[in-house]
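As structure tokens, the structure follows; a few thoughts come after it.
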Amino acid sequence: MTATSGSFGRPMAPKPSLRRKSSRGSILADRAATVVLWGTGVLVLLILGSIILHFALAAWGVVSPSFILSDPSETTLGGILPVLWNSIYMLVLTMLIAVPVGVLGGIYMSEYASENAVTSAIRFAEEAISSVPSIVVGLFGLILFVDDAHWGFTALAGALALTFFNLPLMTRLSEQALRAVPQEERSASLALGATKWQTIRHVVVPLAIPGLITGVILTAGRVFGEAAVLLFTSGIGTPPHYNFTNFDLLNPASPWSPFRPATTLSVYIYKLNSEGLGAFKNQIVDGSAAVLISMVLLFNLGARGIGRILTRRLTAS
Amino acid sequence: MNGMRRMSALAVAATLVLAACSANATPSPAPTNPPAPTTAATVNCVSGSITEAGSTALQPLIQDAATAYQSACPGATITVNGGGSGTGLGQVDGGSVQIGASDVLANTKLATPDADTLVDHVVCRQGWIVVTNLDVTGITNLTTQQNIDIWTGTDTNWSQVGGPNIPIVLIFRPQSSGTRATFLRLVLGGATEATGGQTLTEDSNGAVTTAVTKTNGAVSVIGFSYYNDPANKPLLNGLQLDGVSATIANVGNGTYKLAADGNLYTKGTATGLTAAFLDFMMGPEVQGTIIPKDSYGPVSMQ
Amino acid sequence: MAQMTTANRLTGLRARPGLLERIDVPRRVVFLAAVSMIAIVALLMAFIAWQGIQLFVKDGVSVGEIFSPTWNPLANAGPEFGLLPFIAATVCVTAVALLISTPLSVGLALFLSEVAPNWAKAVVQPSLEIFVGIPSVVWGWLGITVLVPFLADTFSGPIVISLPIAGPVFSMPGFLTGFSWMAGSLVLSIMVLPTITSVSYDAFRAVPQELRTGSLALGTTRWQMIRHLLLPSALSGVLTAVVLGMTRAAGEALAVQMVIGNSPTMPAAITQPLTTLTSQITLDMGNTVFGEPWQDALWTMSLVLLIISITSVVLVRLINKRRLAS
């Protein structure tokens, strides 16, 4: 018996039947419902707690500075440096494309858009692409960038496919952040003789920055965990040893180059499960998963923390 | 035994590898200055960056060879990608990667005009072994006929082939996989495999291994390199085929029949780093040391 | 106050618009950014649709054939591209996942919105965000290492539900292997839990506070208020949540592929392995070559997935339009 098993009625206003006095039975039902609802909260916490505990225990003795800073190995525990680097690299590359376009799109939707066919088409597109399975986006990237453009598996192909995937979220979160700026700020600015664009640039956007940063970080967390898109676009393999002093962006051997295959941490977990070898395989997966979850945790905490600090600073000025 | 095999393989490789190389790779990717067989350490270093993609069955070998080549030649970057034989063939044909690895011949996947533009380089022999969950005790060998009975669904319990009273759970590779095609051709003789009910499909050697170890009565087929991995071997019951042990030596002398060539494809004649790396694959270090270490067979066994 | 800060921000700005603004460049730029979304979606739909129909156009498979229950691209009598097992499995796995997840998620949303004291909210809400952030490959890995062996070991015998007097009322064969429909649904149910919870939570919060106080003032209990007032008022929001959860579940690839067993058969028992559209695509895409009929069939599956997700977007819009209208 859970909270949803009650029958759904239509009316918005309380039913006449509600006007009766609470009977003993209804009080008991209320108690039971309260217990059940508390139970769901506790259950979800328990599930999450046990998952985190599972990985904390599994990663104990695996995750260490050397695990984070070494190259992968089949004969020893090795490390995850190149794949972790690729995750961060892909994240930055994706955000370089998605943030400007997403914020600008958000500005249009919040400040300029009127309710017309184009606006509703944009909204539909937003909803459509956020519901498209990530594997379909990955396959789209596979044909468009990897095969048709003959780029092969490259970080750039992966980043563009991820941008497709994340742009709607980025746009929507930006729009929300901008809309949250009170209308009187805009009116005041316009009343003082500022143009619309000056108002947006110097009043609305600065005030919306905490929300915008939260949006960026939440989107970034998704990039970090995504694997299905990247499997088909940025490749799946064990990366070579990276020479971080090679800054030649056009040389596929450089870890800074977008024109090279880039297996990320999430993809690497999938790879180890499919093709991993060596006595340490399972430990490496557990360690990688723990690192991945910790990063996502950091992103979420970061989004909250930075948002709070910026809000305080900006509202205090 | 192992050491002896390595020794003999080394000797064979040292003397035969160049002949094998030019005999199998058409046209020959041999460079103008082939490394002398006596100086195993000589590597023809070419700088640059290439990508390999395709067969996961060949991936451990190519990965190790690429690592060895790159440590000998710091100017070279060789990225090894999996993806499956189809990916390898499709992408080398499309020009997205320089080397495409495949367990099956190109003309089985690609249409003729495309397949003809690809050059096949046989770099090794590879074998597969039938493995079961450890609870299938008392079975060390399956004959071809028993395999057919099991994989077509005629036999559904291990007791029917002399094992314990446990239902057989078949774990296939995807129909599109090279491993499954090879097994179907060499062992099942094209018989119609069982479907539905309690058959599983896992898309890689690793996933298959996990599924076999976690499923009672499970049977599947994996590559030697995955079977002989120290993490996997103690968890699996490896079976003989028609009384022949699944060893490289038996692949070499032709008695173990579940084996095939490992093919690396290039679009047209290989050049530059691609050619140098393919030479390295045929050279003594890979053929004599890395190949036996990773449980493949040298091309000289062909 | 607002005027003060705004004035501060504008100090030193030219009152006259710059050249760029006079020809309306900013507006054009932001418009372009927003419209790029339409371009991406149009491009994506066109590409997938084009690839998806190749099976019919180029390979001469009739549309009716894909609704056959037989998938056997290697059949001796010629390939059979029946997609029904995958479509049915996607529907079944998603349905059971929602059956498990919806009561739990809506209960959790009610807990957060109506029952939980602030400290409990402060613990549960960030936890949900962490749930969202756990990548699907990690769920798949947990599924393989924990859930699959658990199902196989615990429920290997026949599963029988008995009532004290009536005796056994339900029985089915146990798990021959943990890789199963059930494993897929369980993994998915946890993965969609945050989506359904957060969207339903928003729907409950959107119900005006006065209605709650009004109802409680009339002497109803909290549960009566929830049941007769809150749930009906938030119904369309909850339905939206379920549809969004359904979309996510149907489109999830790697986690499901890792635990479901990938057997291309029609669903019959929850203990059996199945293969969904996404898991079959993951399985075969790498092993097939672009342009061969086999891979064209995979693109057709992608098209089916795309149609499912677009349909669900339209569905959500219809639900919300009805809410606004009523």
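All of the numbers you see were taken from the coordinates with simple rules; none came from a lab. Treat the numbers as computed from the prediction; the structure is a model and nothing was measured. Reconstructed Cβ throughout: ideal geometry from the backbone, glycine too, with neighbour counts over all protein chains shown.
Things worth noting here:
- Long-range Cα-Cα pairs in region A:194-258 (distance over 14 Å), rounded percent: 75
- Cα gyration tensor shape of region C:117-186, rounded if a/c is under 1.5, else prolate or oblate by comparing a/b with b/c: oblate
- Per-residue mean of foreign Cβ neighbours for A:197-205 is 5 (Cβ atoms of other chains, 10 Å radius).
- Relative contact order of region A:226-317, defined on C-alpha pairs under 8 angstrom at six or more residues apart (%): 21
- Residue pairs, from the table B:K214/C:K121; A:K281/B:K109; A:K271/B:K233; C:K121/C:K321, whose Cα atoms sit over 29 Å apart: B:K214/C:K121; A:K281/B:K109; C:K121/C:K321
- With all projection directions averaged, the alpha carbon convex hull of region C:27-141 covers 13.7 nm².
- The calculated pair-distance distribution of region B:183-244 uses every alpha carbon pair, bins of 5 angstrom beginning at 0, and gives 3, 14, 25, 26, 20, 10, 2 percent.
- DSSP finds beta bridges in the protein assembly as shown, and of those with both partners inside it, around 65 percent are antiparallel.
- Each of the peptides A:143-149, C:230-236 was scored by the mean count of other Cβ atoms within 10 Å over its residues; in descending order, highest first, they stand as C:230-236, A:143-149.
- FRET efficiency for the C:A122 to B:A72 pair, using the beta carbon distance and R₀ = 41 Å, is estimated at 0.10.
- Only helices enter the 222 nm calculation for the protein assembly as shown: every DSSP H run of n ≥ 4 contributes -39,500 (n - 2.57), and dividing by all residues gives -17500 deg cm²/dmol, rounded to 500.
- Across A:E115, A:E74, A:E226, mean-square fluctuation computed from a Gaussian network of chain A (C-alpha pairs under 10 Å connected) peaks at A:E115.
- Length, then width, then depth: along the principal axes, the Cα atoms of the protein assembly as shown run 92, 84, 57 Å.
- The mean sequence separation of alpha-carbon pairs under 8 Å and at least six residues apart, normalised by the residue count of chain A, gives a relative contact order of 23 percent.
- Taken over region C:53-325, the alpha-carbon convex hull comes to 182 cubic angstrom per residue.
- Average 1/r across all pairs of distinct alpha carbons in region B:127-252, invert it, and you get the Kirkwood radius: 14.3 Å.
- Reciprocal mean inverse distance between Cα atoms of region A:110-194 - Kirkwood radius, Å: 15.4
- Per-residue shielding of A:206-218, expressed as the average number of other chain Cβ atoms within 10 Å of the residue Cβ, stands at 1.
- Here the Karplus relation 6.51 cos²θ - 1.76 cosθ + 1.60, evaluated at θ = phi - 60°, turns the backbone of region C:285-299 into coupling constants of 4, x, 9, 10, 10, 3, x, 7, x, 4, 6, 4, 5, 5, 5 Hz, with x for every Gly and Pro.
- Compactness of chain B - radius of gyration and Dmax, Cα, Å: 19.6, 62
- For region A:137-247, a Kirkwood radius taken over Cα pairs fed into Stokes-Einstein (37 °C, viscosity 0.692 mPa s) yields D = 197 µm²/s.
- Relative packing of peptides C:70-82, A:187-199, A:28-40, C:276-288 - highest average C-beta neighbours within 10 Å first: C:276-288, A:187-199, A:28-40, C:70-82
- Fraction of alpha-carbon pairs over 22 Å apart in region A:224-316 - percent: 48
- Choice from B:I168, B:I139, B:I291 showing the highest fluctuation, given a GNM over chain B with Cα pairs closer than 10 Å: B:I139
- Remark: chain A carries a charge dipole of roughly 1740 debye about the Cα centre, counting +1 on each Lys and Arg Cβ and -1 on each Asp and Glu Cβ.
- The angle between the Cα long axis of helix B:205-214 and the longest principal axis of the Cα atoms of chain B comes to about 20 degrees, rounded to the nearest 10.
- Number of partner chain Cβ atoms within 10 Å, mean per residue of C:235-244: 1
- Helical segments meeting 20 Å axial Cα length and Kyte-Doolittle 0.0 threshold in chain A (DSSP H): A:24-59, A:81-107, A:117-131, A:155-179, A:205-225, A:281-316
- Among A:G221, A:G49, A:G307, residue whose mean-square fluctuation peaks in a GNM of chain A (springs only between Cα atoms under 10 Å): A:G49
- Computed Kirkwood radius, in angstrom, where 1/r is averaged over Cα pairs of chain A: 23.1
- C-alpha long axis of helix B:272-282 to longest principal axis of chain B, angle in °: 50
- The string of couplings for region B:137-153 from the Karplus curve (6.51, -1.76, 1.60, θ = phi - 60°) is 8, x, 10, 10, 8, 10, 7, 4, 5, 4, 4, 4, 4, 5, 7, 8, x Hz, one whole number per residue in order, with x for Gly and Pro.
- Averaged over residues, the count of other Cβ atoms within 10 Å places the peptides A:132-141, A:81-90 in the sequence A:132-141, A:81-90, highest first.
- Per-bin percent of Cα-Cα distances, region C:256-325 [5 Å]: 4, 15, 17, 17, 15, 13, 9, 6, 4, 1, 0
- Equivalent ellipsoid semi-axes, region B:69-190, via Cα gyration tensor eigenvalues times 5, rooted, Å: 37, 18, 11
- Cα long-axis angle, helix B:59-72 against chain B (0 to 90 degrees, to the nearest 10): 30
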